[in-house]
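Below is one structure; the comments refer to it alone.
Just so it is clear, none of the values below were taken in a lab; they were calculated from the coordinates. Model, not experiment: these values are computed from the prediction.
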Amino acid sequence: MSVLYIALPIALLLGGAGLIACLYCIRDGQYDDLDTPSVRILVDERRVDESKRGPEKKHAD
């Protein structure tokens, strides 16, 4: 029974800390855009001009 006097306040403190951390992340904008970061690597930001590229090297077979 005396374990409850120790475990219950610790559990409430950890739960409250988790809730505060979650609310902070939500208000800070952590979860605003979930789709863009996963496809950002696929988007080429710079366009390559074909005329400025040199002739392509051909591999000898």
Can you tell me how much longer the chain between Asp33 and Ala17 gets when fully stretched, taken as 0.36 nm per residue apart minus their C-alpha distance, in nm with one decimal? 3.3 nm
May I ask you to compute the full-extension gain from Val3 to Ile26, defined as 0.36 nm times their residue separation minus their alpha-carbon distance, rounded to one decimal in nm? 4.8 nm
